[in-house]
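So the structure is just underneath, and the comments pick up after that.
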Amino acid sequence: MHPERFTVDSNRKYLARLGAGLAAGLGAAALVWTGTAANAEIAGPQGDFEAQIIGGDEVAEGQYPWLVGLGSPGEGTPWERQFCGGSVIAPTVVLTAAHCVEDAAAGDLAVFSGSVDLESADVAETAVADLHVAPGYNDPVAFANDWALLLLAEPVDAEPIGLSADPAVFDALETAGWGLTEDNEYPTVARWVEVPFIDDDACAGAYPGETDAVSMLCAGDLADGGIDSCSGDSGGPIMAPGEDGGLVLAGIVSWGYGSAEAGHPGVYAEVAEFDEAIAEVLADWGV
Ligand code: ARG
C-alpha cells in the first residue's frame with residue numbers, strides 16, 4: 001500500500017499549501033491526516049468526476065529526459081518518498097514549484113532521476129545543496145510566482161529542458177508526473193497527458209479573483225474536464241513544442257480546484273515570466 005502523502009484537496013488551496021509544507025517538513029502523523037483529508041475529498045462532493053495525471057498514458061523511458069521526482073531523503077523507495085515533480089534545466093539545477101519546497105531546507109529534499117519508474121533500480125537519488133524560492137511567491141495572489149530552484153549536490157544524468165521565453169499563446173501543451181490518476185492511485189511509472197491551452201481571460205473567468213495573468217497560465221478541457229495534472233504532479237513540467245521540433249518548458253504544475261473537473265482547469269506557473277530571474281539565480285550559483 002502506498003504510504004499516505006500530501007495531496008491537494010479538491011478546492012481548498014490552503015490544504016495544498018499546508019500539505020506541501022508538511023511533506024517537505026515531514027511528520028508522519030500530519031501526512032496521514034492530509035492524505036486522508038484529500039482522499040475523502042476526492043470521493044466526496046464531486047462524486048463521479050473522472051479524477052487522473054488524469055486521462056493520460058504512461059511516460060516512456062526517455063520521453064521527457066528532464067523529468068525528475070522530488071521527495072524526502074530517508075527510508076523507503078523513491079516512489080514512497082516522492083511528493084512533487086521537477087524539471088532539470090541545467091546538470092545541477094532543478095526547477096520546481098515554490099509550494100513544494102517553501103518550508104523545506106535543502107537537507108529535507110532528494111531528487112529522483114534516471115527512470116520514469118520510481119520503483120526501478122535505475123533511479124538515482126541526488127541530494128540538494130541549496131534552494132531558492134521565488135521572492136514574489138504568493139504575490140499578488142495566492143500561488144502567484146509559484147517557482148523555486150534546487151541546486152543539486154552533484155550533476156544528474158538527465159537532459160535539461162530549455163525554458164520558454166515567450167509569454168504566450170500556446171497550442172498543444174503536455175504535462176507529466178507521478179501524481180494521482182483517475183483511479184485515485186499514485187502510479188509508480190510517470191504519466192503524461194496533452195491539455196489544451198486556456199487563455200488568461202477564460203482562466204480568470206473560471207477562477208474569479210484568484211488568477212494572476214502575468215505569472216500563471218491555464219490548461220485543460222474547460223468544457224468537459226477529464227484531462228489534467230493532479231496532486232503529486234506539482235512542480236513538474238507543462239511543455240510546448242519548441243522551434244527545433246523538441247519541447248520547451250512553458251510552465252510548472254501549480255494548482256487547481258480538484259482535478260480534471262469541467263470549469264476548473266489546471267493552473268501552471270508561467271515560466272517565460274521569470275526566465276530572466278531564473279538566469280540570475282543560476283549565475284549567482286555559478287552554474
Ligand atoms: N498543487 C498540486 C500538487 O501539489 C497540483 C495540483 C494541480 N491541480 C490541477 N488540477 N491541475 O501536486
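The table that follows gives values for the structure above.
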quantity	calculated
Paramagnetic reach from E119 (point 7 Å along Cα→Cβ, amide N under 19 Å) across the range 174-188	177-188
Residue-span extension gain [T77 to D103] - 0.36 nm each, minus C-alpha spacing	7.1 nm
Residue order, fewest to most surrounding Cβ atoms within 10 angstrom, among I89, I54	I89, I54
Per-residue Cβ neighbour rank within 10 angstrom, fewest leading, C230, C218	C218, C230
Mean shadow area of the range 58-180, taken as a quarter of the surface of its Cα convex hull (nm²)	8.3 nm²
Rg to Rh, two decimals, where the range 179-287 supplies the alpha carbon set and Rh follows Kirkwood	1.00
GluC sites (Glu not before Pro) restricted to the range 177-248 and DSSP loop, no more than 14 other C-beta within 10 Å	E185, E243
Contour minus Cα-Cα distance for E154 and D244 (0.36 nm per residue)	29.5 nm
Separation in nanometres of the label points that stand 7 Å from Cα toward Cβ, at E58 and D284	4.2 nm
Mean Cβ neighbour count within 10 Å, used as a protection proxy, ranking 120-127, 149-156 highest first	149-156, 120-127
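Computed from the coordinates by the stated procedures, all read-outs in this text should not be read as laboratory data. As the structure is a computational prediction, the values presented were derived from the model and not from experiment. Here the Cβ is made from the backbone with ideal geometry for all residues, glycine too, and neighbour counts use every protein chain on show.
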